[in-house]
1. For the range 316-332, how many residues meet the condition of being open to solvent by 50 Å² or more (accessible area, probe 1.4 Å) and either at negative phi or touching a helix residue (DSSP H, G or I) at 6+ places or on another chain (Cβ under 9 Å) (or both)?
2. Could you check how many residues of the range 72-110 are over 13 Å from VAL176 (Cβ atoms) and touching a residue at least 12 places away in the same chain (Cβ under 8 Å)?
3. Please tell me if ASP476 is among the acidic types (Asp, Glu), free of Cβ contacts under 8 Å to residues at least 60 places away in the same chain, surrounded by 14 or more Cβ atoms within 10 Å (Cβ to Cβ) and in contact with a strand residue (DSSP E or B) (Cβ under 6 Å, 6 or more places away or on another chain).
4. Please work out if ILE285 is in contact with a Lys or Arg (Cβ under 7 Å, 6 or more places away or on another chain), under 30 Å from CYS401 (Cα atoms) and among the β-branched types (Val, Ile, Thr).
5. All but one of (1) within 49 Å of the chain's Cα centre (by Cα); (2) more than 30 Å from THR274 (Cβ to Cβ); (3) in a loop (DSSP other than H, G, I, E, B); (4) at pLDDT 85 or above hold for ASP168, so report the exception by its number.
6. How many residues does the range 87-113 hold that are open to solvent by 30 Å² or more (accessible area, probe 1.4 Å), out of contact with any strand residue (DSSP E or B) (no Cβ under 6 Å at 6 or more places or on another chain) and not polar (S, T, N, Q)?
7. Any residue in the range 132-148 that's under 14 Å from PRO187 (Cβ atoms): show its pairings with residues that are surrounded by 13 or more Cβ atoms within 10 Å (Cβ to Cβ) at Cβ separation under 6 Å, as long as the two are six or more apart or on different chains.
8. Can you tell which of SER392, SER418 is open to solvent by 30 Å² or more (accessible area, probe 1.4 Å), of a type in the set (Ser, Thr, Tyr) and closer than 24 Å to ASN575 by Cβ?
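The values are calculated or read from the model by the stated rules, or taken from the named source; none is laboratory data. Every value quoted in this text rests on a predicted model; they were computed, and no experiment measured them. Here Cβ is always computed from backbone atoms with ideal geometry, including for glycine, and neighbour counts include all displayed protein chains. Please note that ligands, DNA and RNA were not included when accessible areas were found on the heavy atoms of the full protein model with its side chains. Shrake-Rupley method; radii C 1.70, N 1.55, O 1.52, S 1.80 Å.
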Amino acid sequence: MKVRLRNLWLVLSVAALMLAGELNAFAIERVYILPSSTQAKAPDNYVFKLKDSDDKFILLDNTDEGYFVLRQKYCAIKPYSKNGEPVAFDPEDENSIAYWLNHDYLEDETLTTRLPKIMLDNLVERVYHTEGGGSSTPFKSDYDVKCKVVLLSQTEWSKYNGKYGYADDGSSSFWVLRTARELTGSPLVSAISAPNAGLTVDGKWSSSVGIRPAFYLSKDFFEKASVDIENTGDAVISVIRQSKAEPKLMSLYSSSELQALLNTDISPMAEAVTITGRGIVGEKITGKYNFVSLDSNGESGTTFQWQKSKDKTTWSAILGADTAEYVPTTADVGYYIRMRVSPMTSTMAGSSYESVPLSCAIRPVSKPVADNVRIICDTGIKPGKILDAAYSFYDENRDICSETEYSWEISADMAEASPVGNERYYKITNADAGKYIRVGIIPKKQTNSASGRVTVAGDTVYSDWQEVQNLPTASDVKIYRGADLSVTVSKTDGKITLASMLMPAVNKNIEKLTASYSIQGSAEYTAVCQWQGSDTKDGEYSCISTGTNVLEYTPSATMWVRAMVYTENSQGMGNPVYSKPMYIGKDKAQNDSGESQISWGLAGGKTYEIWIVNDVKRNSYAYSFNVIGTKIPRITSDKYRIETVSDPGGAKVVGTLVSDVYSSMLCFKAGEVRADEDTVLTVSDILTVSPGADGGTES
């Protein structure tokens, strides 16, 4: 006797349902996640054949209501609805396939595929729950129908997927379910080749497809009908044996059949054979199963064999893979994997049971990838700033990042690079200014292997080169000479007479120089002015003073002076910028006697004021002047704006004080004049500028 029992649930289903107190056994919970793969042929364990009948049937379930059975082959080729319009599965609607199944199929005695009479006599009329259609159907919600013969619903098709085969009838390419959804989405089961074999596919209501009827048989059916034991699977044999109706069975079977039926030596089974794993080279795949022995003999000698296939159709054994665990190798890449279990007891070997293969083919160990590598800085990339390295992690096998290696590099030309740091953050130094910087990322992950967790590193991916800004530099660096101006006056009838003008300072040997410059930069940097001196114009300069843009210096001899201006931060100093040198010294000090002339360079667009402050009152005083090479018109205002200078390189102002305050001559004054006493006024810090012959500045 062929013993091919496959599903323990068939043996225990009645007791389980009673213990669970399940009500409404027909109300099957809707299944939303459909199986990813199916089998071509129904396992022999669930198939049974009646005596004196050529048809075979599949035992799907054993419930309180009876036995849920599916015909192995289709009984007819019919459309879902006669007129091709959406219709519910309704045995009272002549347009529905349900009407034909519950009338013609049961009543037409000439129909060769009609159910055997013993089955017709034991059909159970019951309420079937059916999923509703889609938005374009008139039956949008789930509904119930009462009938004797049905097609499988989508939920039942999924629930009993392991007990029937999609190609049990090789002559039919499709068969239909009773769950109908959209106008062009009535679910048909495809019996063609991969990838759709055994899965629902779209079809029209008017499609002529195979009809595989399903129905419930009464609970005492196997006490009335005898099966062909040689063509009946162990799952069905076990159900018959569990009915405990041995006296009734004696009337249905011969002594030899009865002995085979009641034989206590039953082949062991492997139920719920599954394998778990990600299907990656080096990662363990574990097989599990439930050992079942209906004759209470213990498991002994069960064997395993792992198999692989390119198309899940033709399978070959993997040499040496004969335990319940398997670690794929590179030779398995691109193959689907499954496990075959052959359960055994000390007295009998059972059939072989295969797991459903892993949903994806074996993949190699993936290398993590660093994507979108970039440098982040809140403001410009410049000395003193802290840079952050960022990237996006990607791994084909969906492993997560375990650690990251960083490599900062500096280059002067973006060709040859030097390493400068290996942490996530890097602080720019002054040595990096004017160069280029980038960061390299090596992502790492941990993954499983036969020896445990291992680390896998990706390739180095670099960010784009970023230019490091220099410290801001000064521009338009110049130095100017200052002088003290003394004016002696006397009062006559309320008038002030000016007697003399330029006088020596308190210390006539002091040189007073002022540096001017401009810097475009932020407050993060400090500007520093350093004064330097040298014996010769092109000689070596050394520091005289630092930290102020005004220099008061008493030279012991003639010398050349220049101003050096630079910016600095916590990292150090930036590039210095120098003024043109100025020649100063004893022979350039102010004269001992007063002078009547003073000169400085004119600047176009500037306003020159003509005024003197006597106590708190500003008084205009006559002061004549002319511009060499430029005619100045007569002006009586105390301010005069020079719009243009025809020769800015050599234009000078020559001014002479006159005694008559009411003089009609042009008035001119620069700086601020304050009265120390009634008779003395002092003008301080008059900057006198004109180009010198050496290209520097001279007063």
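1. Looking only at the range 316-332, we keep the residues that are open to solvent by 50 Å² or more (accessible area, probe 1.4 Å), and these are 316-317, 319-320, 322-323, 325, 329-331.
In the following step, the residues that additionally are either at negative phi or touching a helix residue (DSSP H, G or I) at 6+ places or on another chain (Cβ under 9 Å) (or both) were identified as 316-317, 319, 322-323, 325, 329-331.
Total meeting the criteria: 9.
2. Pass one, the range 72-110, residues over 13 Å from VAL176 (Cβ atoms): 72-73, 82-86, 88, 90-95, 99, 102-110.
Then drop every residue that is not touching a residue at least 12 places away in the same chain (Cβ under 8 Å), which leaves 72-73, 82-86, 88, 90-91, 94-95, 102-103, 105-106.
Matching residues across the range 72-110 total 16.
3. On the way: among the acidic types (Asp, Glu): yes; free of Cβ contacts under 8 Å to residues at least 60 places away in the same chain: yes; surrounded by 14 or more Cβ atoms within 10 Å (Cβ to Cβ): no; in contact with a strand residue (DSSP E or B) (Cβ under 6 Å, 6 or more places away or on another chain): yes.
Here the answer is no, as ASP476 does not meet what is asked.
4. Working: in contact with a Lys or Arg (Cβ under 7 Å, 6 or more places away or on another chain): no; under 30 Å from CYS401 (Cα atoms): yes; among the β-branched types (Val, Ile, Thr): yes.
For ILE285, the condition - in contact with a Lys or Arg (Cβ under 7 Å, 6 or more places away or on another chain), under 30 Å from CYS401 (Cα atoms) and among the β-branched types (Val, Ile, Thr) - is not met.
5. (2)
6. Result for the range 87-113: 11.
7. As it stands, the answer is GLY132/PHE139; GLY132/ASP142; GLY133/PHE139; GLY133/ALA180; GLY133/ARG181; GLY134/ARG181; GLY134/GLU182; THR137/PRO86, since those pairs meet every condition given.
8. Numbers: SER392 fails: closer than 24 Å to ASN575 by Cβ.
Only one candidate passes the filter, namely SER418.
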